[in-house]
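A.B. asks: This is the structure, below, for whatever I ask next.
The values are calculated or read from the model by the stated rules, or taken from the named source; none is laboratory data. Not measured: the values here are computed from a predicted model. Heads up, the Cβs are rebuilt from the backbone with ideal geometry, glycines too, and the neighbour counts pull from every protein chain shown.
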Amino acid sequence: MSSTRKVKRKVSTNLQIKKALVTDTKAIHTLVNQFANKDEMLPRSLNEIYENIRDFYVCLENDMIIGVAALHILWEDLAEIRSVAVSNNYQGQGIGKKLVKKCLDEAEKLGVKKVFALTYHPGFFKELGFADIDKNSLPQKIWGECLKCHKFPECNELAVIKEL
């Protein structure tokens, strides 16, 4: 009898979280789209990641990207956390939360008052102080991304928000 188990790696002490570089774009694209291919987040084109590379943070272990998250400013008081992805072997070790916290710290430094996320995993964000919000209460500006999605208008992502 055989069983399949997901092998988790031990948390490394060599983890580093930093702003992404242009040279990180292809690795970010690969990681994000691994989850998009499973319908767990929106896909991102390589061009879109290049254009928004300044939004991204990466988590590295020995110079290998194992996690990403982005903070996208939408208006003077509103930003979105996007594309939170952690390699399968590194999940459940707090890396995603560290990446989101980096994004929240940056939002606060920039003077952003509210940060939201559209997610299939609201519990993850609630552990970081986010609360449920009706998607329809968010400004129409956010729907630009939604219009490009193959699930629109039948999307079941949930909206969460955090006031800073």
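A.B. asks: Any residue at all in the range 78-95 that's crowded, with 16+ Cβ neighbours inside 10 Å, of a type in the set (D, E, K, R) and under 21 Å from Thr25 (Cα atoms)? Walk me through how you get there before you give the answer.
C.D. replies: So in the range 78-95, the residues crowded, with 16+ Cβ neighbours inside 10 Å come out as 78-87, 90-91, 93, 95.
Pick out the ones that are also of a type in the set (D, E, K, R) and you get 80, 82.
The next check asks that each one be under 21 Å from Thr25 (Cα atoms); those that pass are 80, 82.
Looking for residues that are crowded, with 16+ Cβ neighbours inside 10 Å, of a type in the set (D, E, K, R) and under 21 Å from Thr25 (Cα atoms), one finds at least one in the range 78-95, hence yes.
A.B. asks: Also: Residues in the range 46-86 that are hydroxyl-bearing (Ser, Thr, Tyr) and more than 22 Å from Pro122 (Cβ to Cβ): how many?
C.D. replies: 1
A.B. asks: Take the residues of the range 56-77 that are under 15 Å from the mean Cα position of the chain (by Cα) and either more than 16 Å from Gly96 (Cβ to Cβ) or among the aromatic types (Phe, Trp, Tyr) (or both): which is surrounded by the fewest Cβ atoms within 10 Å (Cβ to Cβ)?
C.D. replies: Checked the range 56-77; the qualifying residue surrounded by the fewest Cβ atoms within 10 Å (Cβ to Cβ) is Ile73.
A.B. asks: Taking the condition of being farther than 21 Å from Gln16 by Cα and among the β-branched types (Val, Ile, Thr), how many residues in the range 26-77 meet it?
C.D. replies: Count: 1.
A.B. asks: Given the structure, is Val58 touching a Lys or Arg at 6+ places or on another chain (Cβ under 7 Å) and without any contact (Cβ under 8 Å) to a residue 60 or more places away in the chain?
C.D. replies: The answer is yes for Val58.
A.B. asks: Restricting attention to the range 121-142, report how many residues are assigned to a loop (DSSP other than H, G, I, E, B), at pLDDT 90 or above and surrounded by fewer than 18 Cβ atoms within 10 Å (Cβ to Cβ).
C.D. replies: Qualifying residue count for the region: 4.
A.B. asks: Within the range 13-34, which residues are over 22 Å from Glu106 (Cβ atoms) and touching a residue at least 40 places away in the same chain (Cβ under 8 Å)? Lay out the reasoning, then the answer.
C.D. replies: Here is the first cut: in the range 13-34, the residues over 22 Å from Glu106 (Cβ atoms) are 13-14, 26, 30, 33-34.
If the condition is that a residue be over 22 Å from Glu106 (Cβ atoms) and touching a residue at least 40 places away in the same chain (Cβ under 8 Å), then Asn14, Gln34 are the ones that fit.
A.B. asks: Ok, one more. Asp24 versus (1) in a loop (DSSP other than H, G, I, E, B); (2) touching a strand residue (DSSP E or B) at 6+ places or on another chain (Cβ under 7 Å); (3) acidic (Asp, Glu): which is the lone unmet condition?
C.D. replies: (1)
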